[in-house]
1. Quickly run through segment 33-47 and pick out the residues that are away from the ligand (no atom under 15 Å from the Cβ) and either under 11 Å from the mean Cα position of the chain (by Cα) or in contact (Cβ under 8 Å) with a residue 24 or more places away in the chain (or both).
2. Restrict the check to segment 7-14 and report whether at least one residue is without any contact (Cβ under 8 Å) to a residue 12 or more places away in the chain and either over 16 Å from residue 142 (Cα atoms) or assigned to a helix (DSSP H, G or I) (or both).
3. Looking at the structure I just gave you, is residue 50 more than 25 Å from residue 22 (Cβ to Cβ) and either in contact (Cβ under 8 Å) with a residue 40 or more places away in the chain or out of contact with any strand residue (DSSP E or B) (no Cβ under 7 Å at 6 or more places or on another chain) (or both)?
4. Among the residues of segment 72-101, how many are surrounded by 16 or more Cβ atoms within 10 Å (Cβ to Cβ), over 25 Å from residue 10 (Cβ atoms) and touching a helix residue (DSSP H, G or I) at 6+ places or on another chain (Cβ under 7 Å)?
5. Any chance you could count how many residues in segment 6-33 are in contact with a helix residue (DSSP H, G or I) (Cβ under 7 Å, 6 or more places away or on another chain) and over 15 Å from residue 71 (Cα atoms)?
6. Which count do you get for residues in segment 69-105 that are in contact (Cβ under 8 Å) with a residue 60 or more places away in the chain and in contact with a strand residue (DSSP E or B) (Cβ under 8 Å, 6 or more places away or on another chain)?
7. If we only count strands (runs of 3 or more DSSP E) wholly inside segment 62-152, which ones have 1 or more residues that are at pLDDT 95 or above and within 16 Å of the ligand (Cβ to nearest atom)?
Ligand code: CO
């Protein structure tokens, strides 16, 4: 396992549409393990593969000590609408207020290629949506309704 460098806003890699994973092999497992190492080394709730320079539809979310490994995630259903603030490891220096659905249902594959379903609400849902946006080349900074400058 190894920590990888985090790509920062301004790098064209973060604007690309990522490709679906086709092989649930050792290389995918290595990527997921390295992404967890990378996330554990900083303070973050999630990390998407393009943030470590890999243009694959892979993301991880850490929520209440639970790790979610998402491969080829798809938003199946969403409802409601709410505003809250978000930051991103690829966007140092500021946070932003972003409008997102309140509740979501997603489908994805785990690292072994088993299909999973998940229902999420509130900020938990927001973290998944933020990471899934990365897979389509979208940063919170592209859709925020207001920018929040860090005070420290
Ligand atoms: Co992000």
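1. Restricting attention to segment 33-47, the residues satisfying the condition of being away from the ligand (no atom under 15 Å from the Cβ) are 33-34, 36-37, 40-41.
33, 34, 36, 37, 41 - these are the residues of segment 33-47 that are away from the ligand (no atom under 15 Å from the Cβ) and either under 11 Å from the mean Cα position of the chain (by Cα) or in contact (Cβ under 8 Å) with a residue 24 or more places away in the chain (or both).
2. Yes: segment 7-14 contains one or more residues that are without any contact (Cβ under 8 Å) to a residue 12 or more places away in the chain and either over 16 Å from residue 142 (Cα atoms) or assigned to a helix (DSSP H, G or I) (or both).
3. Answer is no for this residue.
4. So the count comes out to 2.
5. The number of residues fulfilling the criteria is 6.
6. The qualifying residues number 5.
7. 66-79, 82-88, 91-100, 146-149
The values are calculated or read from the model by the stated rules, or taken from the named source; none is laboratory data. Because the structure is predicted, anything quoted here is derived from the model rather than measured. Every residue, glycine among them, receives a Cβ derived from its backbone with ideal geometry; neighbour counts consider all protein chains shown.
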